[in-house]
């Protein structure tokens, strides 16, 4: 895990860590980074996949775009994901920062691997996404560019 000495990415990373990742399945539920999620386990088992990615196309590089631009970007991302053969479930990221409340429409992509998510995230200029593997513990994966890559730990959330 790398971070600049001035820690400029640590605040943003912590905001992503504390975000509520809400999955709008038939029975909606929330995932929290670093905490085992039994609901996602059931979805993975039902879908016969070993992984899932929670990702958005909203606000590239954390720069606020208009609602219209964000919705169009997410629609484009969803079409690309479906063309790859993946099933998606709508989601919403709900920021828990007490200073600025925010939400971003998102997608839970069933069966997507980390390498595919890295590529998709890069194409849509996203700083981070959440990966869930067979352990059902959501992991935050961030790439801020310039060699600054951060990944949450399952045992403790550190930056």
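The values are calculated or read from the model by the stated rules, or taken from the named source; none is laboratory data. Keep in mind that what you see is a predicted model, and the values were worked out from it rather than measured. With ideal geometry, Cβ positions are generated from the backbone for all residues, glycine too; neighbour counts draw on all protein chains shown.
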- Note on the structure: Only one of (1) closer than 18 Å to residue 143 by Cα; (2) in contact (Cβ under 8 Å) with a residue 40 or more places away in the chain does not apply to residue 115, and that is (2)
- Query: Given (1) touching a helix residue (DSSP H, G or I) at 6+ places or on another chain (Cβ under 7 Å); (2) farther than 22 Å from residue 42 by Cβ; (3) modelled with pLDDT of 95 or more, where does residue 129 come up short, assuming only one miss?
  - Reply: (2)
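Out of all the residues in segment 48-88, which are part of a helix (DSSP H, G or I) and crowded, with 18+ Cβ neighbours inside 10 Å? If you could, list the steps in order and put the result at the bottom.
Initial filter on segment 48-88 (part of a helix (DSSP H, G or I)): 60-62, 67-83.
Within segment 48-88, 70, 73, 74, 77, 81 qualify.
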- Identify, from the list 63, 80, the residue that is modelled with pLDDT of 95 or more and out of contact with any strand residue (DSSP E or B) (no Cβ under 9 Å at 6 or more places or on another chain). 80
- Task: Could you look through segment 9-29, keep only residues that are in contact (Cβ under 8 Å) with a residue 24 or more places away in the chain and part of a strand (DSSP E or B), and pick out the one that is surrounded by the most Cβ atoms within 10 Å (Cβ to Cβ)?
- Result: 21
